[in-house]
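Peer 1: Would you mind keeping the following structure in view while I ask a few things?
The values are calculated or read from the model by the stated rules, or taken from the named source; none is laboratory data. All values reported here derive from a predicted model rather than from experimental measurement. Virtual Cβ from ideal backbone geometry, glycine too; neighbours counted across all protein chains shown. What goes into the accessible areas is simple: the full protein's heavy atoms, side chains included, and nothing from ligands, DNA or RNA. Shrake-Rupley method; radii C 1.70, N 1.55, O 1.52, S 1.80 Å.
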Amino acid sequence: MYYTLTYEPVVENYVEQRKPYREAHLALARQWHAEGKLVMAGAFNPAIGTLLVFRAESPAEVELFVKADPYVKHGLVKGWEIREWTVVIGG
């Protein structure tokens, strides 16, 4: 199954505020990608949030990523949403 994860940044000057945690965030994303769990990820432009696409057994698996993400742990993200995504073409 596929799931999308969207983040909504909370802090003003999000791009600047994320700098101390960016490498740890990207390392986590790269690890999940290497394990085949994270299909793709990226930020919206302007930086109003992010979208990540996971291949996972359940939303609980994606929530493990959220709980481990330095952006969430350090309060840069005010909300997130995990949604099941039905792929019609591709995948």
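Peer 1: Looking only at the stretch 39-49, how many residues end up being in contact (Cβ under 8 Å) with a residue 24 or more places away in the chain and open to solvent by 90 Å² or more (accessible area, probe 1.4 Å)?
Peer 2: Residues flagged as in contact (Cβ under 8 Å) with a residue 24 or more places away in the chain and open to solvent by 90 Å² or more (accessible area, probe 1.4 Å) within the stretch 39-49 amount to 1.
Peer 1: Could you please find all residues in the stretch 1-33 being open to solvent by 70 Å² or more (accessible area, probe 1.4 Å) and part of a strand (DSSP E or B)?
Peer 2: Correct list: E8 only.
Peer 1: Further question: Which one of G90, G36 is modelled with pLDDT under 95, out of contact with any Asp or Glu (no Cβ under 7 Å at 6 or more places or on another chain), assigned to a loop (DSSP other than H, G, I, E, B) and exposed (fewer than 11 other Cβ atoms within 10 Å of the Cβ)?
Peer 2: G90
Peer 1: So F54 passes all but one of these: (1) free of Cβ contacts under 8 Å to residues at least 40 places away in the same chain; (2) open to solvent by less than 40 Å² (accessible area, probe 1.4 Å); (3) part of a strand (DSSP E or B). Which condition number does it fail?
Peer 2: (1)
Peer 1: Go through (1) closer than 18 Å to H74 by Cβ; (2) at pLDDT 95 or above one by one and return the number of the condition A47 breaks.
Peer 2: Every condition holds for A47 apart from (2).
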